[in-house]
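Step one of this worksheet: look at the structure below.
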Amino acid sequence: MWFLSRKGTSGFSASSTAEDVTQGIDGSGLTAIVTGASSGIGAETARVLALRGVHVVMGVRNLEAGRAVKEAIVKGNPNAKLDAMDLDLSSMASVKKFAEDFKSLNLPLNLLINNAGIMATPFMLSRDNIELQFATNHVGHFLLTNLLMETIRKTARASRKEGRIVNVSSRRHKFSYPEGIRFAKLNDPSGYNSLSAYGQSKLANILHANELGRQLKEDRVEVTANSVHPGLIATNLFRHYSFLTGLVGLVGKYVIKNVQQGAATTCYVALHPKVKGMSGQYFADSSIAKASLQANDAELATKLWDFSLDLVRRGSTPS
C-alpha cells in the first residue's frame, strides 16, 4: 500500500526491511543479547544482526526452538556467531540465572535488545505473583537490564563504542488503562482487560527506556536507551485472540507488516550511525515518532522505576 512506502526523517519507510536499514553497516566486534529470539521479529532481529557481523546471544524460553532458529540462520550464513541460552522473563530466578550465565562467558555486551513479549493473555499471575503480561514484558526486562548494566557500561568504556539498549514496545501503549500504570491494582483481576494490560506493559517499556536514558545522560555514560514500535505484524502474539487472527488473515496483506519489515526499526535503532547519541526516544518505521502523553510523563517514569525496583528487590508483589 502507498502509505507503507512513505519515507520518514531517516530516509526509510514502513516497508523497509531490517536488511534495508542496516545495509553497509559493519557490526563486527559487537555482542548483542536479543530476548525472545526463537520466533517472529526476535528471530529476524538475531538473523540480521548476525548477518552484519554481530555476535548474537539469543535469550529464549524454549531452547529447542532457539537452537532450531540458530541452525537455520547458520545454514543461510555460515559465518554467523550465535548462541542460544535459556531465559524465561516471567521468572526472576530465570532472569538472574541467565545474567549470571552470560557474565560467566566473559563476553562484552554492546547491544541489549529487550524484545520478548506476550500479548492479551487471560488474567494470570507469574511465578513471582505479578500479573503475567507486566511480569514478562516489563519486570523481566527491567531486572535483566539492571543486572547487565555494569557489563554494558564497562564494554562502552573499554571499546569506546556507544552501548545501546532497545526496548520493543508497541503503539498499543496509547491504549493502557486510564491511569496508565495500575500501581495499586496491578494484580487485581476485577477490572482486568487483557488488551489494556498489554498496553500497560508496553507503556512501561517506554517509561523504562526514558528514565534509563535520563539516568545514563546524567551519569555521562556512553550508553543510550530507546524504545520502538515495530508495527502491526502477524506473529504468534495474536494466539490468545482468535478474532484478531481472523482479521489478520482477512486484511493482513494490505495493512500488516511482514516479519522482515517488523524487525527493521529494532535493527535500525540498534546499529545505524544516525541514531548515535539519541536516547530516551521512541521510534516507529525507523524514524522518531510521537508517543503518548503518559509515555512522556517524567514523573510517571520515575514512579514506575521506583515501583519496579521495589518489585525486583522483594522478588514479588506485596501481599
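The values are calculated or read from the model by the stated rules, or taken from the named source; none is laboratory data. Note that this is a predicted model, so its numbers are computed, not measured. Methodologically, a virtual Cβ is constructed for each residue, glycine included, from the backbone with ideal geometry; neighbour enumeration extends over all protein chains shown. The protein model used for the area step is the full one, side chains on, heavy atoms only, and it has no ligands, DNA or RNA in it. Shrake-Rupley method; radii C 1.70, N 1.55, O 1.52, S 1.80 Å.
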Filter result for residue 160 (open to solvent by 30 Å² or more (accessible area, probe 1.4 Å) and within 19 Å of the chain's Cα centre (by Cα)):
no
Within segment 9-38, track down each residue that is in contact with a helix residue (DSSP H, G or I) (Cβ under 6 Å, 6 or more places away or on another chain), open to solvent by 10 Å² or more (accessible area, probe 1.4 Å) and closer than 27 Å to residue 146 by Cα.
36, 38
Residues being crowded, with 21+ Cβ neighbours inside 10 Å and among the small types (Gly, Ala, Ser): count how many of those fall in segment 280-297.
4
Scan segment 98-111 and report the pairs whose first residue is in contact (Cβ under 8 Å) with a residue 60 or more places away in the chain and whose second residue is assigned to a loop (DSSP other than H, G, I, E, B) and open to solvent by 10 Å² or more (accessible area, probe 1.4 Å), with Cβ atoms within less than 7 Å and a gap of 6+ or a chain change.
110/30; 110/161; 111/30
Any residue that is of a type in the set (A, V, I, L, M, F, W, C), part of a loop (DSSP other than H, G, I, E, B) and surrounded by fewer than 17 Cβ atoms within 10 Å (Cβ to Cβ) - is there at least one of those in segment 172-181?
no
Which of the residues belonging to segment 73-92 are within 20 Å of the chain's Cα centre (by Cα) and open to solvent by 70 Å² or more (accessible area, probe 1.4 Å)?
86
Does residue 204 fit the bill of being under 25 Å from residue 287 (Cα atoms), under 14 Å from the mean Cα position of the chain (by Cα), open to solvent by less than 20 Å² (accessible area, probe 1.4 Å) and touching a residue at least 40 places away in the same chain (Cβ under 8 Å)?
yes
State yes or no: is residue 120 open to solvent by less than 10 Å² (accessible area, probe 1.4 Å), out of contact with any strand residue (DSSP E or B) (no Cβ under 9 Å at 6 or more places or on another chain) and closer than 19 Å to residue 172 by Cα?
yes
Tell me, which residue of segment 210-246 that is more than 18 Å from residue 169 (Cα to Cα) and not in a helix (DSSP H, G or I) is modelled with the lowest pLDDT?
241
Between a first residue in segment 62-80 that is in contact (Cβ under 8 Å) with a residue 12 or more places away in the chain and a second residue that is surrounded by fewer than 16 Cβ atoms within 10 Å (Cβ to Cβ), which pairs have beta carbons less than 7 Å apart while being 6 or more apart in sequence or on different chains?
63/86; 80/74
Does residue 9 fit the bill of being touching a residue at least 12 places away in the same chain (Cβ under 8 Å), in contact with a strand residue (DSSP E or B) (Cβ under 6 Å, 6 or more places away or on another chain), closer than 26 Å to residue 315 by Cα and not basic (Lys, Arg)?
no
